[in-house]
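The next block holds one structure in the form of structure tokens; read it before the comments.
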Amino acid sequence: MKRTPQNRAPLDSEKRKEVEPVICYPIDALPLPNMAVYEVARESMALENEVIVPPRDARTFKVKAGYFFRIVSVEGPQVGDLNLWGQGDLWERFYSGKTRALHGTHLSTGDQMWSSFPFMRPMATITYDTLDWYGFDMYGGGVHDVIGTRCDPYTGKLLSGQEYHHCCHSNLIRVLADETGMPGVEAEKYVHDVLNVFMCTGFTHDTHQYFMKASPVRPGDFIEFFAEIDLIGGLSTCPGGDCSSEHSSDQSACYPLKVEIFKPDADLLTGWAPPDPSGYSQSHGR
Ligand SMILES: [Zn+2]
């Protein structure tokens, strides 16, 4: 939005503005996950593995299709930046923009994390969220957004001239390189925009600028996912800590996050199968 418009409003400007919006992608056209199946299966699940992500750092973890995983707050309020890659093909990556278009700015139970083209299928379904009570606050803020990107050293350099090496972007590159054996410059191509787990964000009412505020997360809170396909997860503990003030320095108090991976009784996943990639092929349009 231009701060000072260069053009005078036309005579019918109010009329044009009053036109009611329509939802771009009505959710009732989406094939919805069968949450009742997940609710039964999660009752049976047993902890199989856990990974601690130290402060200002990242870790990868693998989750088989049909398993659950949780991101758990431990020790203190901490925000996490989550990447997801398909184990079969790293180019199948979480597509935050399309997920936002389908599910809105912030995710919670029942929403799905969609993958990039040409795959375009659910990679994970959110099956539990202890912060679902938060909804939207008086500033328009909500939790677990898909509107931010991931904190990165390029923007930090642009805005402040400073170089900081523990942004989520850099943390995720390092651990993906370790996981795959790729050099860092190669791994960087696969790091993508995130689900901002536990982060509380929105757009200001007046200028519609992206804002953050102290996360309401407390130790013991968690968000739980069902893996729809075989996944490699990457989780960075944001150097912003609870993101109450800044996120590209060593100033904020930071805490670890825990990832827990659970195996359910597969017999309880009645009717569930890993989703196929989109049936659309670009060649059909030629
Ligand atoms: Zn970050």
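What percentage of all Cα-Cα pairs in the stretch 49-140 are separated by more than 15 Å? Show your work: numbers first, answer last.
Numbers: 2815 of 4186 pairs.
Across the stretch 49-140, Cα pairs with separations above 15 Å total 67 percent.
Would you mind checking which residues have amide H under 5 Å from Asp57's amide H? H placed 1.01 Å from N; only 5 or more apart, or other chain.
For Asp57, whose amide H was placed from the backbone, the distant partners under 5 Å are Thr237.
Before anything else, pin down the relative contact order of the chain: Cα pairs under 8 Å, at least 6 apart, normalised by residue count, whole percent.
Relative contact order, the chain: 35 percent.
Evaluate the distance, in nm, between pseudo-label points positioned 7 Å from the Cα of Ile52 and of Ser244 along their respective Cα→Cβ axes.
2.4
Choose one answer from Ser73, Ser116, Ser160: the residue with the largest mean-square fluctuation in a GNM of the chain with alpha-carbon springs under 10 Å.
Its mean-square fluctuation being the largest, the pick is Ser160.
Mind pulling up the Rg/Rh value for the stretch 193-239? Radius of gyration and Kirkwood radius, both on Cα.
On the way: Rg = 14.0 Å, Rh = 13.4 Å.
On the Cα set of the stretch 193-239, Rg over Rh gives 1.05.
How much accessible surface does His192 have with a 1.4 Å probe, in Å² rounded to 10?
His192 exposes around 10 Å² with every protein chain in place.
Give the Rg (one decimal place) followed by the Dmax (whole number) of the chain, computed from C-alpha coordinates and expressed in Å.
Using the Cα atoms of the chain, the pair Rg, Dmax is 19.9, 65 Å.
Label-point separation (nm) for Ala214 and Met35, each offset 7 Å from Cα along Cα-to-Cβ?
3.1
When 1/r is averaged over all different Cα pairs and the result inverted, which Kirkwood radius in Å belongs to the stretch 156-286?
Numbers: mean 1/r = 0.0545 Å⁻¹.
Across the stretch 156-286, the inverse of the average 1/r is 18.3 Å.
Full extension from Lys15 to Asp137: what is 0.36 nm times the residue separation minus their Cα-Cα distance, to one decimal in nm?
Answer, rounded to one decimal: 40.9 nm.
Given a 1.4 angstrom probe, what's the average accessible area per residue across the chain, in square angstrom? Can you show the working numbers first?
Numbers: 15010 Å² over 286 residues.
I get 52 Å² per residue for this part.
Ignoring ligands, DNA and RNA, what percent of the accessible area of the chain is carbon or sulfur (1.4 Å)?
Details: 7990 of 15010 Å².
Of the solvent-accessible surface of the chain, carbon and sulfur hold 53 percent.
The values are calculated or read from the model by the stated rules, or taken from the named source; none is laboratory data. Quick caveat, the model's predicted, so the values are computed rather than measured. Cβ sites come from the backbone with ideal geometry, for glycine too, and all protein chains shown count toward neighbours. For the accessible areas, the whole protein counts, side chains as well, though only heavy atoms, and no ligand, DNA or RNA atoms are used. Shrake-Rupley method; radii C 1.70, N 1.55, O 1.52, S 1.80 Å.
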